[in-house]
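Only one structure is covered here, and it is reproduced in the block below.
The values are calculated or read from the model by the stated rules, or taken from the named source; none is laboratory data. Since the structure is predicted, the reported quantities are computational estimates derived from the model, not experimental observations. As a convention, Cβ positions derive from the backbone with ideal geometry for all residues, glycine included, and neighbour counts pool all protein chains shown. Note: areas computed on protein heavy atoms with side chains; ligands, DNA, RNA excluded. Shrake-Rupley method; radii C 1.70, N 1.55, O 1.52, S 1.80 Å.
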Amino acid sequence: SGVINKAENVKKILIKRVDIIPLSDNSKSLIKAMLLGESSAVEDNTRASFSASGLSHILAVSGLHVGIIVFIIYLFLYPFKYTKISCIRPLITILILWAYIFVIGFPSSGVRAAIMVSFVLMGEVFNRKCTIINSLFAAALFMLIYNPNYIYDVGFQLSFTAVFSI
């Protein structure tokens, strides 16, 4: 469809932007993997090094990456905090976050984190406290409603188990 093609084109543009950065090819491939979920260019020895050190999750868009992106967006929108429409800050953050998740292709760990962040930020909009554990279970519920087969996906299971353990 047209919207999906538009998202793929945006991702290709972002990949080209990373490619023109004056860094080594290995560094560019790491940036693409961490920001855009494009890990196909990461060299096997680099991937093995990350795996051996227990850091292979850094090469996929995860809650850490989503958290950093949300923090940066929220920081840029800080001036809205002192306006009469302070609820615009979390709403714009949610919109930008979901646009980002859409562009990178809805990776399950990114979707989990985005749902959790959305609940926390919506709690701010409605002046309600939202706990992380409630956000985690809501994310699991919404993802399973969307695709019940996720329950059999090891990545889904590990993602939620890891966050629950933290």
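Restricting to the range 16-41, give me the number of residues that are assigned to a loop (DSSP other than H, G, I, E, B), open to solvent by less than 70 Å² (accessible area, probe 1.4 Å) and farther than 21 Å from Y100 by Cα.
Kept after step one, since they are assigned to a loop (DSSP other than H, G, I, E, B), are these residues of the range 16-41: 20-24, 37-41.
Filter once more, so that each one left must be open to solvent by less than 70 Å² (accessible area, probe 1.4 Å): 21, 24, 37-39, 41.
This time we only want the ones that are farther than 21 Å from Y100 by Cα, so: 24.
Residues meeting the conditions: 1.
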### Query
Any idea which of I145, I104, I96, I133 is open to solvent by less than 50 Å² (accessible area, probe 1.4 Å) and either at positive phi or not aromatic (F, W, Y) (or both)?
I104
### Query
E124 fails exactly one of the following numbered conditions: (1) open to solvent by 20 Å² or more (accessible area, probe 1.4 Å); (2) closer than 19 Å to I68 by Cα; (3) under 18 Å from the mean Cα position of the chain (by Cα). What is the number of that condition?
(3)
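Identify all residues within the range 73-98 that are among the aliphatic types (A, V, I, L, M) and either in contact with a Phe, Trp or Tyr (Cβ under 9 Å, 6 or more places away or on another chain) or closer than 19 Å to R112 by Cα (or both); write none if there are none.
As a first pass, look at the range 73-98 and keep what is among the aliphatic types (A, V, I, L, M): 73, 75, 77, 85, 88, 91-92, 94-97.
Residues satisfying the conditions are I73, I88, L91, I92, I94, L95, I96, L97.
Looking at the range 115-135, which of its residues are of a type in the set (S, T, N, Q) and farther than 18 Å from I88 by Cβ? Before the answer, list the steps.
Taking the range 115-135 first, the residues of a type in the set (S, T, N, Q) are 118, 127, 131, 134-135.
Within the range 115-135, T131, N134, S135 meet the criteria.
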### Task
Hey, can you tell me all the residues within the range 43-66 that are open to solvent by less than 40 Å² (accessible area, probe 1.4 Å) and at pLDDT 85 or above?
T46, H65, V66
